[in-house]
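Below is one structure, written out as C-alpha coordinates; the observations come after it.
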Amino acid sequence: MVSFVQVLDFAGTFAFATSGIRLASAKRFDWFGAYVVGFATAIGGGTLRDILLGVTPAWMQSPIYLICTALALFWVIAFGKYVITMNNTIFFFDSVGLSLFTVVGISHSLMLGFPFWVAIIMGSITGAAGGVIRDVFINEIPLIFRKEIYAMACVVGGLLYWILSLIGMSDFTCQISAGFAVFITRLVAVRFNICLPTLKGEDYYKKKG
(Lines give C-alpha, C1' and ligand atoms only; values in the text may rest on other atoms or scores of the structure.)
Protein backbone atom coordinates (compact mmCIF):
# COMPACT_ATOMS: atom_id res chain seq x y z
CA MET A 1 0.00 0.00 0.00
CA VAL A 2 1.32 3.42 -0.97
CA SER A 3 2.13 5.61 2.04
CA PHE A 4 1.52 9.36 2.31
CA VAL A 5 5.26 10.04 2.10
CA GLN A 6 5.43 8.05 -1.15
CA VAL A 7 2.58 10.13 -2.57
CA LEU A 8 4.52 13.27 -1.67
CA ASP A 9 7.63 11.77 -3.28
CA PHE A 10 5.82 11.01 -6.54
CA ALA A 11 4.15 14.44 -6.61
CA GLY A 12 7.49 16.12 -5.91
CA THR A 13 9.10 14.08 -8.68
CA PHE A 14 6.49 15.27 -11.17
CA ALA A 15 6.78 18.89 -10.02
CA PHE A 16 10.58 19.02 -10.13
CA ALA A 17 10.73 17.13 -13.43
CA THR A 18 8.29 19.67 -14.88
CA SER A 19 10.41 22.58 -13.67
CA GLY A 20 13.52 21.03 -15.23
CA ILE A 21 11.79 20.29 -18.54
CA ARG A 22 10.25 23.77 -18.59
CA LEU A 23 13.68 25.40 -18.23
CA ALA A 24 15.20 23.01 -20.78
CA SER A 25 12.58 24.16 -23.28
CA ALA A 26 13.80 27.73 -22.86
CA LYS A 27 17.27 26.52 -23.91
CA ARG A 28 15.79 24.73 -26.95
CA PHE A 29 16.74 21.22 -25.78
CA ASP A 30 15.35 18.28 -27.75
CA TRP A 31 12.87 15.89 -26.11
CA PHE A 32 15.54 13.49 -24.88
CA GLY A 33 17.70 16.29 -23.50
CA ALA A 34 14.70 17.78 -21.74
CA TYR A 35 13.86 14.38 -20.27
CA VAL A 36 17.41 13.99 -18.94
CA VAL A 37 17.29 17.43 -17.33
CA GLY A 38 13.87 16.70 -15.83
CA PHE A 39 14.96 13.33 -14.50
CA ALA A 40 18.19 14.70 -13.00
CA THR A 41 16.21 17.49 -11.35
CA ALA A 42 13.71 15.02 -9.93
CA ILE A 43 16.12 12.42 -8.54
CA GLY A 44 19.26 14.46 -7.87
CA GLY A 45 18.48 15.52 -4.31
CA GLY A 46 17.07 12.16 -3.28
CA THR A 47 20.05 10.31 -4.74
CA LEU A 48 22.54 12.46 -2.82
CA ARG A 49 20.47 12.02 0.35
CA ASP A 50 20.31 8.24 0.04
CA ILE A 51 24.04 7.95 -0.66
CA LEU A 52 24.81 10.00 2.46
CA LEU A 53 22.38 7.89 4.51
CA GLY A 54 23.93 4.67 3.24
CA VAL A 55 20.91 3.25 1.40
CA THR A 56 20.16 2.39 -2.23
CA PRO A 57 18.76 5.45 -4.09
CA ALA A 58 14.99 5.23 -4.41
CA TRP A 59 14.94 5.57 -8.21
CA MET A 60 17.05 2.38 -8.49
CA GLN A 61 14.38 0.39 -6.67
CA SER A 62 11.31 1.44 -8.66
CA PRO A 63 10.67 2.64 -12.24
CA ILE A 64 8.02 5.09 -10.99
CA TYR A 65 10.52 7.97 -11.09
CA LEU A 66 11.26 7.31 -14.77
CA ILE A 67 7.52 7.12 -15.42
CA CYS A 68 6.77 10.34 -13.51
CA THR A 69 9.42 12.17 -15.52
CA ALA A 70 8.00 10.81 -18.77
CA LEU A 71 4.52 11.98 -17.75
CA ALA A 72 5.94 15.41 -16.96
CA LEU A 73 7.55 15.56 -20.41
CA PHE A 74 4.34 14.54 -22.17
CA TRP A 75 2.40 17.05 -20.07
CA VAL A 76 4.73 19.91 -21.06
CA ILE A 77 4.59 18.84 -24.73
CA ALA A 78 0.79 18.54 -24.71
CA PHE A 79 0.13 21.76 -22.84
CA GLY A 80 3.26 23.66 -23.85
CA LYS A 81 1.22 26.67 -24.95
CA TYR A 82 0.17 27.24 -21.33
CA VAL A 83 3.12 25.78 -19.41
CA ILE A 84 5.95 27.34 -21.41
CA THR A 85 4.43 30.76 -22.08
CA MET A 86 3.52 31.40 -18.44
CA ASN A 87 6.55 32.82 -16.64
CA ASN A 88 5.33 31.85 -13.17
CA THR A 89 5.11 28.12 -13.97
CA ILE A 90 8.82 27.65 -13.24
CA PHE A 91 8.49 29.27 -9.84
CA PHE A 92 5.32 27.34 -8.98
CA PHE A 93 6.56 23.86 -9.86
CA ASP A 94 10.00 24.52 -8.42
CA SER A 95 8.47 25.70 -5.12
CA VAL A 96 6.06 22.76 -4.96
CA GLY A 97 8.89 20.31 -5.61
CA LEU A 98 11.07 22.04 -3.03
CA SER A 99 8.39 21.81 -0.32
CA LEU A 100 7.38 18.20 -1.06
CA PHE A 101 10.93 16.89 -1.30
CA THR A 102 11.94 18.63 1.92
CA VAL A 103 9.21 16.74 3.76
CA VAL A 104 10.16 13.48 2.04
CA GLY A 105 13.83 13.92 2.98
CA ILE A 106 13.03 14.64 6.63
CA SER A 107 10.56 11.77 6.94
CA HIS A 108 12.88 9.31 5.19
CA SER A 109 15.78 10.21 7.48
CA LEU A 110 13.68 9.89 10.62
CA MET A 111 12.35 6.49 9.51
CA LEU A 112 15.95 5.32 9.21
CA GLY A 113 16.59 6.35 12.81
CA PHE A 114 18.69 9.47 12.27
CA PRO A 115 18.40 12.42 14.70
CA PHE A 116 16.41 15.52 13.78
CA TRP A 117 19.38 17.72 13.00
CA VAL A 118 20.49 15.19 10.38
CA ALA A 119 16.91 14.93 9.08
CA ILE A 120 16.69 18.70 8.57
CA ILE A 121 19.96 18.71 6.62
CA MET A 122 18.82 15.74 4.54
CA GLY A 123 15.48 17.44 3.90
CA SER A 124 17.29 20.54 2.65
CA ILE A 125 19.56 18.44 0.42
CA THR A 126 16.60 16.50 -0.98
CA GLY A 127 14.76 19.72 -1.73
CA ALA A 128 17.56 21.91 -3.04
CA ALA A 129 20.15 19.65 -4.69
CA GLY A 130 17.95 18.70 -7.65
CA GLY A 131 17.51 22.37 -8.51
CA VAL A 132 21.27 22.89 -8.35
CA ILE A 133 21.84 20.00 -10.79
CA ARG A 134 19.12 21.37 -13.09
CA ASP A 135 20.66 24.84 -13.17
CA VAL A 136 24.14 23.44 -13.83
CA PHE A 137 22.80 21.35 -16.72
CA ILE A 138 21.19 24.38 -18.36
CA ASN A 139 24.18 26.63 -17.63
CA GLU A 140 22.51 28.93 -15.08
CA ILE A 141 23.77 30.12 -11.68
CA PRO A 142 22.00 27.81 -9.17
CA LEU A 143 19.29 29.51 -7.12
CA ILE A 144 20.89 28.25 -3.92
CA PHE A 145 23.94 30.43 -4.62
CA ARG A 146 21.95 33.59 -5.28
CA LYS A 147 20.46 35.99 -2.78
CA GLU A 148 17.01 34.40 -3.07
CA ILE A 149 15.62 32.45 -0.11
CA TYR A 150 15.80 28.87 -1.38
CA ALA A 151 17.54 26.25 0.74
CA MET A 152 16.81 28.41 3.79
CA ALA A 153 13.11 27.79 3.17
CA CYS A 154 13.82 24.06 3.59
CA VAL A 155 15.47 24.75 6.94
CA VAL A 156 12.42 26.76 8.06
CA GLY A 157 10.14 23.86 7.17
CA GLY A 158 12.44 21.39 8.90
CA LEU A 159 12.53 23.42 12.10
CA LEU A 160 8.73 23.65 12.12
CA TYR A 161 8.53 19.87 11.63
CA TRP A 162 10.83 19.40 14.64
CA ILE A 163 8.92 21.86 16.87
CA LEU A 164 5.55 20.27 16.06
CA SER A 165 6.92 16.80 16.76
CA LEU A 166 8.24 17.99 20.14
CA ILE A 167 4.77 19.11 21.20
CA GLY A 168 3.29 15.76 20.20
CA MET A 169 1.66 16.50 16.85
CA SER A 170 1.05 13.58 14.50
CA ASP A 171 3.46 12.78 11.66
CA PHE A 172 0.80 13.76 9.12
CA THR A 173 0.32 17.18 10.72
CA CYS A 174 4.08 17.73 10.90
CA GLN A 175 4.52 16.78 7.25
CA ILE A 176 1.69 18.96 5.93
CA SER A 177 2.70 21.93 8.08
CA ALA A 178 6.38 21.67 7.12
CA GLY A 179 5.53 21.48 3.42
CA PHE A 180 3.32 24.56 3.61
CA ALA A 181 6.00 26.39 5.61
CA VAL A 182 8.58 25.80 2.87
CA PHE A 183 6.19 26.91 0.12
CA ILE A 184 4.94 30.01 1.99
CA THR A 185 8.48 31.02 3.02
CA ARG A 186 9.60 30.86 -0.61
CA LEU A 187 6.48 32.69 -1.81
CA VAL A 188 6.76 35.51 0.73
CA ALA A 189 10.51 35.90 0.16
CA VAL A 190 10.07 36.30 -3.60
CA ARG A 191 6.94 38.45 -3.32
CA PHE A 192 8.56 40.95 -0.95
CA ASN A 193 12.12 40.55 -2.26
CA ILE A 194 13.45 39.22 1.06
CA CYS A 195 17.06 38.10 0.65
CA LEU A 196 19.86 36.84 2.82
CA PRO A 197 22.82 39.22 3.34
CA THR A 198 25.66 38.77 0.88
CA LEU A 199 29.34 38.63 1.75
CA LYS A 200 31.25 41.79 0.92
CA GLY A 201 33.80 41.41 -1.86
CA GLU A 202 37.20 42.95 -2.53
CA ASP A 203 35.72 45.95 -4.34
CA TYR A 204 33.60 46.86 -1.30
CA TYR A 205 36.61 46.98 1.05
CA LYS A 206 38.68 48.92 -1.47
CA LYS A 207 35.96 51.57 -1.61
CA LYS A 208 35.71 51.66 2.17
CA GLY A 209 39.46 52.03 2.44
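Just so you know, in segment 144-174 the residues that are assigned to a loop (DSSP other than H, G, I, E, B) and either modelled with pLDDT under 95 or in contact with a Gly (Cβ under 7 Å, 6 or more places away or on another chain) (or both) include one that is nearest to Ser124 (Cα to Cα), and it is Tyr150.
Mind checking which residues of segment 94-114 are over 13 Å from Phe16 (Cβ atoms) and either in contact with a helix residue (DSSP H, G or I) (Cβ under 9 Å, 6 or more places away or on another chain) or of a type in the set (Phe, Trp, Tyr) (or both)? Of everything in segment 94-114, those that are over 13 Å from Phe16 (Cβ atoms) and either in contact with a helix residue (DSSP H, G or I) (Cβ under 9 Å, 6 or more places away or on another chain) or of a type in the set (Phe, Trp, Tyr) (or both) turn out to be Val103, Ile106, Ser107, His108, Ser109, Leu110, Met111, Leu112, Phe114. Every condition in (1) more than 17 Å from Gly20 (Cα to Cα); (2) surrounded by fewer than 17 Cβ atoms within 10 Å (Cβ to Cβ) holds for Phe91 except the one numbered (1).
Sort out which residues of segment 136-152 are touching a strand residue (DSSP E or B) at 6+ places or on another chain (Cβ under 8 Å) and among the charged types (D, E, K, R), and write them in order of number. Across segment 136-152, the qualifying residues are Lys147, Glu148. The set of residues from segment 60-69 being modelled with pLDDT of 95 or more and either hydroxyl-bearing (Ser, Thr, Tyr) or within 18 Å of Gly131 (Cα to Cα) (or both) comprises Tyr65, Leu66, Cys68, Thr69. The criterion of being in contact (Cβ under 8 Å) with a residue 12 or more places away in the chain and over 14 Å from Ser124 (Cα atoms) holds for Thr13.
Screening Asn139 with (1) farther than 19 Å from Phe16 by Cα; (2) in contact (Cβ under 8 Å) with a residue 60 or more places away in the chain; (3) part of a loop (DSSP other than H, G, I, E, B); (4) not small (Gly, Ala, Ser) gives one miss only, at (1). I'd like to check something: does segment 172-189 contain any residue that is buried (at least 19 other Cβ atoms within 10 Å of the Cβ), within 30 Å of Lys27 (Cβ to Cβ), in contact (Cβ under 8 Å) with a residue 12 or more places away in the chain and among the aliphatic types (A, V, I, L, M)? The answer is yes, given that some residue of segment 172-189 is buried (at least 19 other Cβ atoms within 10 Å of the Cβ), within 30 Å of Lys27 (Cβ to Cβ), in contact (Cβ under 8 Å) with a residue 12 or more places away in the chain and among the aliphatic types (A, V, I, L, M). Candidates Ile51, Ile43, Ile21, Ile77: the one that is within 20 Å of the chain's Cα centre (by Cα) and over 13 Å from Gly130 (Cβ atoms) is Ile51. When you scan segment 83-98, do you find a residue that is more than 20 Å from Val136 (Cβ to Cβ), of a type outside the set (D, E, K, R), at pLDDT 95 or above and over 19 Å from the mean Cα position of the chain (by Cα), even just one? No, that holds for no residue.
The values are calculated or read from the model by the stated rules, or taken from the named source; none is laboratory data. These numbers were taken from a predicted model, which means no experiment stands behind them. Counting neighbours? That spans all protein chains shown, and the Cβs are built from the backbone with ideal geometry, glycine included.
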